[in-house]
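Engineer: Please read through the structure below; I'll follow up with questions.
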Amino acid sequence: MTLVEHRPPARERSAAPQADIDIATTRPGTPGGIFMRQFWHALYRSQDLPAGHAKPIRVMSEDYTLFRGQSGQAAVIDNRCPHRGAPMHLGWIEDDTIRCVYHGWKFDCAGQCVEQPAEEAGFARKVQIRTYPTREHLGLIFGYFGEGEPPPFPHFPHRTGEGVIQVWNVEHVPCNYLQSFENSMDEVHVAFTHQPGGSHAKLSADLPIITAEETDWGMLRFGTRKTGKVRQTLHYAPNLTRVIVPPLTGMDGVGGWTEIYFSFTPVDDENHLWLITSHVAVAGKDAEAYRAKRAEYDRSVAAARPVMDVVHDIWAGKLRFADITHPDLAIVQDIAVQAGQGRIEDRERERLGRSDAGIILWRKILARELRAIAEGRPAKRWKTPPADVVPTLGF
Amino acid sequence: MTLVEHRPPARERSAAPQADIDIATTRPGTPGGIFMRQFWHALYRSQDLPAGHAKPIRVMSEDYTLFRGQSGQAAVIDNRCPHRGAPMHLGWIEDDTIRCVYHGWKFDCAGQCVEQPAEEAGFARKVQIRTYPTREHLGLIFGYFGEGEPPPFPHFPHRTGEGVIQVWNVEHVPCNYLQSFENSMDEVHVAFTHQPGGSHAKLSADLPIITAEETDWGMLRFGTRKTGKVRQTLHYAPNLTRVIVPPLTGMDGVGGWTEIYFSFTPVDDENHLWLITSHVAVAGKDAEAYRAKRAEYDRSVAAARPVMDVVHDIWAGKLRFADITHPDLAIVQDIAVQAGQGRIEDRERERLGRSDAGIILWRKILARELRAIAEGRPAKRWKTPPADVVPTLGF
Amino acid sequence: MTLVEHRPPARERSAAPQADIDIATTRPGTPGGIFMRQFWHALYRSQDLPAGHAKPIRVMSEDYTLFRGQSGQAAVIDNRCPHRGAPMHLGWIEDDTIRCVYHGWKFDCAGQCVEQPAEEAGFARKVQIRTYPTREHLGLIFGYFGEGEPPPFPHFPHRTGEGVIQVWNVEHVPCNYLQSFENSMDEVHVAFTHQPGGSHAKLSADLPIITAEETDWGMLRFGTRKTGKVRQTLHYAPNLTRVIVPPLTGMDGVGGWTEIYFSFTPVDDENHLWLITSHVAVAGKDAEAYRAKRAEYDRSVAAARPVMDVVHDIWAGKLRFADITHPDLAIVQDIAVQAGQGRIEDRERERLGRSDAGIILWRKILARELRAIAEGRPAKRWKTPPADVVPTLGF
């Protein structure tokens, strides 16, 4: 019924170099979707998928069934039975095959239909369900959703030597994955988001100067302190950050500073999974102490309010950010701020500065690659990261 | 911001004969909506509507108020008062009329406005609310939403002779009605959806061969076993199945095999009601025993988790299909699978087989009728089903 | 897949004079949005915003942060930090400034960025956040969101002399603001919505005849009883009603008839806030008695089911309108009926009558003003209401 709808004048916009291309989307068929499908993606925590179980997963706006056969092999297939569209994860596992709950069609691990109890012989061999390469590494299940052969696996090196591999609870974050990946390039936020309150003098006392450079495998980022010390962090393309972090609140320093791997897997354009594995350099009695302390910590997390409930209270103004108490405090803080930017951050309204150097470089790389894909030009051939480039603490 | 959005290539599609027409929609004004409005539809359980009560209902994407006058007469009217749009079911019943809660406009059972307390005399007679033919049969209230005279009523015959008429809880199913109607033509699913687990040999041991034929009143469907025995099931156009079913879990065989009537009434294109009446051939002491057992069963259902809560746990992968326990187990299983196909099943991706013969025939009939309506050609004149064609058990 | 979608024939429509313009929308850039932004709007209850706290608010489809500085000054700013879009209400207050939680950018009360701990000197002065005029009056915080200078403040007079200023709980109503503002012009609904049940004779016994006239500042409305007594109610443009109302249920007559101010502030086109302030003419011991009784009443409201839970039960047909019990009964009744008209009332289907005279006049005024804005013609210059035009009880 509107006669005329006047649009308000656009606010001042930064001259974003990626304004002509959507660097945040991973929907199938888009440049971003094609780019992201060149890589392995973390999907699930290995320990959460026992043999004989099937789970629904959603990755980059598409639905799949993830299951583990009786042999222990994990597999990813399309989520719908080709017959009548029933969800495959409702089916049951027989050896390493899966049988649909609706009419018993059975598919082997290559996706071939091998049994159709109520159909004529010969029909089954004409029917396949699509399957996707699946691997496990550092306590996580990874999948590959692109065309052709997947890249080598494991697709990233990790610290070797004694230690405990700790896989954290998987967080479902209600915003685009790029916001959280960008946040992992933003060392400066730590002094504010994770230590809210305090004066300018205190806050600006020891902030790092951020610089970054592109590599064969992603981006190397540096945080240089006034002391001249440099912290080096690795951002493996397209969504994995390897960094050394301080001991977690609640762990009371047990385990010390740990090397940690953050994966930000797109569920769809407005949601992602945050999957975290850490390598804790402890052995023997120290490892026992670490595990005991971590079990205690996990119990306190399980007993606490769900992370997103607290985040919603903060967003609604019912709870002040500075008043949050939660065993997973840093995770609550990060999600409140990053998903608080909106489901998909409006990057055209931003005013970026010196401290955003890592983010700015990564966006340029993304925009360049997506534009090449959109225009049918050759894109970068990403390499498996070398084992000898490692994150450093720097102070 | 997307530069170019490449669509992925379409997957292989079956040559669905109804690809040019939407056989699932019942929205007003569509061929499907016009087709479906030629028939009576089950709306509500009679026992749930006491005299003097009004309820909101939604049928085929339109909202109505259903009420029962003090005389016991049920009526259906538009849901909004013509004056200022207040919901009529908030009003109160006076004899067999209903008065709007906003300004007291009163409408008689023919829809004529007969009182407007704050308006000038003479205005009321210019105002009507639309009414819809309403009848009751077998413990259910039916309504007619088409143009012109409704078909004869009762619109389907039922078993006569002694027995108990049992009307089940009404289920609200979050998918298109046609999925559940089709499932009622799919005798083979019983061996899988309702008995999950088991080997190919066991599952395929005694599956029926399905055949079907069109009739004056709908479709007659046959399930032929290896023994040569034939189970005959009636599908009354457009959404009512009459079948003989085994005793319910939890009833411990009390009442034996019963004749049952399934109605699948569209709420809108993505939801339907599943209304069930059964005729249990018991009399005297057996009827008493049946009623007592059924009351016990109803109490266990009332105490159980809501059906849709269990279904959502299954869909989310929190509960395995084979691990479900619920007094309404078969209903949970059916809804999980049928609504699990999606809000509206994507029929163009299916790979139908021999066991889908009933579904294939019904879709052809639907597509033919809807195409005739779309093109303004004469459509089939459906007849009231004869009393002498009845379902048989067949084994 | 639909071949042809026939639209049902339009029902008979009243010849609404505003059919060519959307009088209900307040979205930015629309004629309605431009019109509404000429006025102050009630935003929050003063007592709910302590010094040092920030809250998210949404007004006319736009998001803001409302905060109170340590000096006690309330302020409204855009909700997103210009840097990277974090919600400003997650930040913390320092004196009368606010600092963003993401990277510590600090803004003074004029919106100037005054600190950026991690950025180079000189960048801050180039960055502003938009601020909006903010004032307090009668226990409420008001904001101005239009272009240029705001109108004089306070923008409406109020009863002076001894008394208690009582600010009610703020209700979030899930429908367009205009429905509730129109309801406040509809004196007749009281006999039905707030006294459901009863015969025509009883209901129509003493209904007022409604008349209305436009003024410099809004609309003056009269309800004339058979006795000749006239109740006069003031509707201050664009969404504020000043009226004398009977003692509240639950207050047992303590405080007597009070002068009350209803503000209906659009949250977006489908939601609004209902903010109520009353001036209760009591002093000394009577004021104490009033406050004690009101505290008791507030406790009973706090202990009762949330208003919207009850409304949803009524809408779903689980609870009959006449059976509602709730300490805020009148509010439950009003919201059930007014939001029951739909998120945005379909005014083209209405059949207005004599009793809708106030609504009809206000819609004409709105349509005239919005049409002038749409066509770039001069619009009315609204005046601050005079102190000597006051509401009267009239009986």
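Read-outs throughout are calculated quantities, based only on the coordinates presented, and are distinct from any laboratory measurement. Source: prediction; values computed, not measured. Every residue, glycine among them, receives a Cβ derived from its backbone with ideal geometry; neighbour counts consider all protein chains shown.
Engineer: Two decimals is fine: what's Rg over Rh for chain C, C-alpha atoms, Kirkwood radius as Rh?
Structural biologist: Working: Rg = 23.0 Å, Rh = 23.1 Å.
Ratio of gyration radius to Kirkwood radius for chain C: 0.99.
Engineer: Which FRET efficiency value, to the nearest 0.05, is calculated for C:GLU375 and C:ASP216 with the Förster distance at 25 angstrom and r the Cβ-Cβ distance? Write out the running numbers ahead of the final one.
Structural biologist: On the way: r = 23 Å, r/R0 = 0.91.
Rounded to the nearest 0.05, the efficiency is 0.65.
Engineer: Using Cβ counts within 10 Å as a stand-in for footprinting exposure, how do B:THR384, C:THR26 rank, fewest first?
Structural biologist: Values: B:THR384 15, C:THR26 30.
Ranked by crowding around the Cβ, least crowded first: B:THR384, C:THR26.
Engineer: Seen from all sides and averaged, what is the projected area of the convex hull of the Cα atoms in the protein assembly as shown, in nm²?
Structural biologist: Values: hull surface 208.8 nm².
Dividing the Cα hull surface by four gives the mean projection, 52.2 nm².
Engineer: If packing is taken as the average number of other Cβ atoms within 10 Å across a peptide's residues, how do B:118-125, C:180-187 rank, most packed first? Walk me through the numbers on the way to the answer.
Structural biologist: Details: B:118-125: 14.6, C:180-187: 22.5.
My ranking of the peptides, most packed first, is C:180-187, B:118-125.
Engineer: Express in whole angstrom the spacing between the alpha-carbon centres of segment A:276-336 and segment C:250-307.
Structural biologist: Cα centroid to Cα centroid, the span is 42 Å.
Engineer: Find, among the trypsin sites (Lys or Arg not before Pro) in segment B:221-250, those assigned to loop by DSSP (not H, G, I, E, B) with at most 12 other beta-carbon atoms within 10 angstrom. Walk me through the intermediate numbers first.
Structural biologist: Values: sites: B:ARG221, B:ARG225, B:LYS226, B:LYS229, B:ARG231, B:ARG242; in loops: B:ARG225, B:LYS226, B:LYS229.
Passing both the DSSP loop test and the Cβ count: B:LYS226.
Engineer: What's the magnitude of the charge dipole for segment A:78-221 around its Cα centre, counting Lys and Arg as +1 and Asp and Glu as -1 at the beta-carbon? Answer in Debye, nearest 20.
Structural biologist: Details: 11 positive and 20 negative charges, 87 e Å.
Roughly 420 debye for segment A:78-221.
Engineer: Another one. Treat every Asp and Glu Cβ in the protein assembly as shown as -1 and every Lys and Arg Cβ as +1, leave all other atoms uncharged, and give the resulting dipole magnitude about the Cα centre to the nearest 20 debye.
Structural biologist: On the way: 138 positive and 147 negative charges, 154 e Å.
My answer is approximately 740 debye.
Engineer: How big is the C-alpha Rg of segment A:290-333 next to the rule-of-thumb value 2.2 N^0.38 Å, as a ratio? Intermediate results must be reported in sequence, preceding the final value.
Structural biologist: Numbers: Rg = 11.7 Å, N = 44, 2.2 N^0.38 = 9.3 Å.
Cα Rg divided by the expected 2.2 N^0.38 Å: 1.26.
Engineer: Okay, next question. For labels at B:LEU393 and B:GLN70 in the simple 7 Å Cα→Cβ model, what's the distance in nm?
Structural biologist: For B:LEU393 paired with B:GLN70, the spin-label model returns 5.0 nm.
Engineer: Looking at the calculated P(r) for segment C:118-169, what percent of the C-alpha pair distances fall above 12 Å?
Structural biologist: Details: 1017 of 1326 pairs.
Distances greater than 12 Å cover 77 percent of the Cα pairs.
Engineer: Dipole of chain B, Cα-centred, from +1 at each Lys and Arg C-beta and -1 at each Asp and Glu C-beta, to the nearest 20 debye?
Structural biologist: On the way: 46 positive and 49 negative charges, 134 e Å.
The calculation lands at about 640 debye.
Engineer: Mind ranking C:312-318, A:85-91 by how tightly packed they are, going by the mean number of other C-beta atoms within 10 angstrom, highest first?
Structural biologist: My ranking of the peptides, most packed first, is A:85-91, C:312-318.
Engineer: Then there is this: When you look at the Cβ of every residue in C:87-93, what mean number of other chain Cβ atoms sits within 10 Å?
Structural biologist: On the way: counts 9, 0, 7, 12, 4, 7, 1.
Taking the mean over all residues of the peptide, I get 6.
Engineer: Using all C-alpha to C-alpha distances in segment B:222-273, build P(r) with 5 Å bins and read off the rounded percent in each one.
Structural biologist: 5, 16, 16, 18, 19, 16, 7, 3, 0
Engineer: Give the Cα extents of segment B:334-389 along the principal axes, in whole Å, largest first.
Structural biologist: 35, 35, 23
Engineer: What pairs in A:LYS55/A:LYS106; A:LYS226/C:LYS106; B:LYS106/B:LYS126; B:LYS55/C:LYS318; A:LYS55/B:LYS318 have C-alpha atoms more than 19 Å from each other?
Structural biologist: The pairs that break the limit, which is 19 Å between Cα atoms, are A:LYS226/C:LYS106.
Engineer: Still on this model: What FRET efficiency comes out for the pair C:LYS364/C:ASP313, r = Cβ-Cβ distance, R0 = 41 Å, nearest 0.05?
Structural biologist: Details: r = 37 Å, r/R0 = 0.91.
Rounded to the nearest 0.05, the efficiency is 0.65.
Engineer: Could you give the nm distance between label points at A:ALA287 and C:GLU149, where each point is 7 Å from its Cα heading toward the beta carbon?
Structural biologist: Going by the 7 Å Cα→Cβ label model, 7.7 nm.
Engineer: Do any cysteines of chain A lack a neighbour Cys whose Cβ is under 4.7 Å away, and which are they?
Structural biologist: A:CYS109, A:CYS113, A:CYS175
Engineer: Residue by residue through segment B:142-154, what is 3J(HN,Hα) from phi via Karplus (6.51 cos²θ - 1.76 cosθ + 1.60, θ = phi - 60°)? Round to whole Hz and write x for glycine and proline.
Structural biologist: 3J(HN,Hα) across segment B:142-154, in whole Hz: 10, x, 10, 10, x, 7, x, 5, x, x, x, 9, x.
Engineer: Just want to confirm a number: the relative contact order over segment C:50-141, from Cα pairs under 8 angstrom separated by 6+ residues, in percent. Don't skip to the answer; put the middle values down first.
Structural biologist: Numbers: 194 pairs, mean separation 19.7, N = 92.
With pairs under 8 Å counted, the relative contact order is 21 percent.
Engineer: On to the next question. Neighbour counts of other C-beta atoms within 10 Å: give me B:LEU138, A:LEU66 arranged from fewest to most.
Structural biologist: B:LEU138, A:LEU66
Engineer: Additional query: Which log10 I(q)/I(0) values does segment A:178-320 give at q = 0.09, 0.12, 0.13, 0.18 Å⁻¹ under the Debye formula, counting every alpha carbon as one identical point scatterer?
Structural biologist: The Debye formula, applied to the Cα set alone, gives -0.37, -0.67, -0.79, -1.38.
Engineer: Provide Rg and Dmax in Å for segment B:9-162, with only Cα atoms included in the calculation.
Structural biologist: Both quantities, over Cα of segment B:9-162: 19.0, 67 Å.
Engineer: Taking each residue of B:251-263 in turn, how many C-beta atoms of other protein chains fall within 10 Å of its C-beta, and what is the average?
Structural biologist: Details: counts 0, 0, 0, 0, 0, 0, 0, 0, 0, 0, 0, 0, 0.
Mean shielding by partner chains, rounded to a whole number: 0.
Engineer: Would you compute, from DSSP H runs of 4+ residues alone, the mean residue ellipticity of the protein assembly as shown at 222 nm, taking -39500 (n - 2.57) per run and dividing by the full residue count, rounded to the nearest 500?
Structural biologist: Working: 24 runs with 235 residues, N = 1185.
That calculation yields -6000 deg cm²/dmol at 222 nm.
Engineer: If we restrict to alpha carbons, what Rg and Dmax does segment C:273-365 come to, in Å?
Structural biologist: 17.8, 52
Engineer: Something else: Which whole number of Å³ per residue matches the convex hull of the alpha-carbon atoms in segment C:109-235? Write out the running numbers ahead of the final one.
Structural biologist: Details: hull volume 28.2 nm³, N = 127.
Taking only Cα atoms, segment C:109-235 has a hull volume of 222 Å³ per residue.
Engineer: Also, I was wondering about something else. With the cut-off at 1.5 for a/c, could you classify segment B:154-201 from its C-alpha gyration tensor as rounded, prolate or oblate? Numbers along the way, then the final one.
Structural biologist: Working: a/c = 2.24, a/b = 1.60, b/c = 1.40.
Prolate, because a/c is 1.5 or more and a/b exceeds b/c.
Engineer: If I take every Cα pair under 8 Å that is 6 or more residues apart in chain B, average their sequence separation and divide by the length, what percent do I get for the relative contact order? The partial results should precede the final answer.
Structural biologist: Numbers: 746 pairs, mean separation 78.5, N = 395.
Across chain B, relative contact order equals 20 percent.
Engineer: Quick check of the Kirkwood formula: for segment B:178-244, what is the inverse mean of 1/r over all pairs of different Cα atoms, in Å?
Structural biologist: Numbers: mean 1/r = 0.0776 Å⁻¹.
It is 12.9 Å.
Engineer: Something else about it: Where a ≥ b ≥ c are the square roots of the eigenvalues of the C-alpha gyration tensor, would you call segment C:236-308 rounded, which needs a/c under 1.5, or, failing that, prolate if a/b is larger than b/c, or oblate?
Structural biologist: On the way: a/c = 2.89, a/b = 1.43, b/c = 2.03.
Cα axes put segment C:236-308 in the oblate bin.
Engineer: Compute the projected area of the convex hull of the Cα atoms of segment C:239-395, averaged over all viewing directions, and report it in nm² to one decimal place. Don't jump to the answer; show the numbers that get you there.
Structural biologist: Numbers: hull surface 51.7 nm².
Answer in nm², one decimal: 12.9.
Engineer: Moving on. Please compute the average number of Cβ atoms from other chains found within 10 Å of each residue's Cβ in peptide B:348-355.
Structural biologist: Working: counts 1, 5, 6, 12, 3, 11, 5, 7.
Shielding by partners across B:348-355 averages 6.
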